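Only one structure is covered here, and it is reproduced in the block below.
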Amino acid sequence: MSTAEKYIVHRVDREGREWIQIYIPWADVSALLGHPHRGEPEDDAALIAWLRDHGAPAWIEQAEGWVDEAGWGLYGPEEG
């Protein structure tokens, strides 16, 4: 895992607007942290630091996040 770019995804909402997001599958989250995500702010901060250090866009610093059954993510800006 050398760059954050592989975690950038593009989503289209119900209104047809395209959004950029960061999405990291749980297996990669565990590999990056060295342990499973524990739901602690320190784990989120460590993931954001890794992303920052590996070329993620600056918007990650203020992005809202989410988790689901498949991974950890950050909501990015609307594209276009």
Identify all residues within the stretch 6-18 that are exposed (fewer than 15 other Cβ atoms within 10 Å of the Cβ) and touching a strand residue (DSSP E or B) at 6+ places or on another chain (Cβ under 8 Å); write none if there are none.
9, 10, 11, 12, 13, 17, 18
So, in the stretch 46-64, how many residues would count as being small (Gly, Ala, Ser), surrounded by 10 or more Cβ atoms within 10 Å (Cβ to Cβ) and within 23 Å of residue 78 (Cα to Cα)?
4
Does any residue in the stretch 57-80 that is closer than 15 Å to residue 11 by Cα come within less than 8 Å, Cβ to Cβ, of a residue that is surrounded by fewer than 11 Cβ atoms within 10 Å (Cβ to Cβ) six or more places away or on a different chain, and which pairs are these?
74/64; 75/64; 79/10
Only one of (1) among the basic types (Lys, Arg); (2) at pLDDT below 95; (3) touching a helix residue (DSSP H, G or I) at 6+ places or on another chain (Cβ under 9 Å) fails for residue 11. Which number is that?
(3)
Somewhere in the stretch 19-42, is a residue among the β-branched types (Val, Ile, Thr), surrounded by fewer than 16 Cβ atoms within 10 Å (Cβ to Cβ) and free of Cβ contacts under 8 Å to residues at least 60 places away in the same chain?
no
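The values are calculated or read from the model by the stated rules, or taken from the named source; none is laboratory data. The structure presented is a predicted model; accordingly, all values stated were derived computationally and were not measured. All Cβ positions, even for glycine, are placed from backbone atoms using ideal geometry, and neighbour counts span all protein chains on display.
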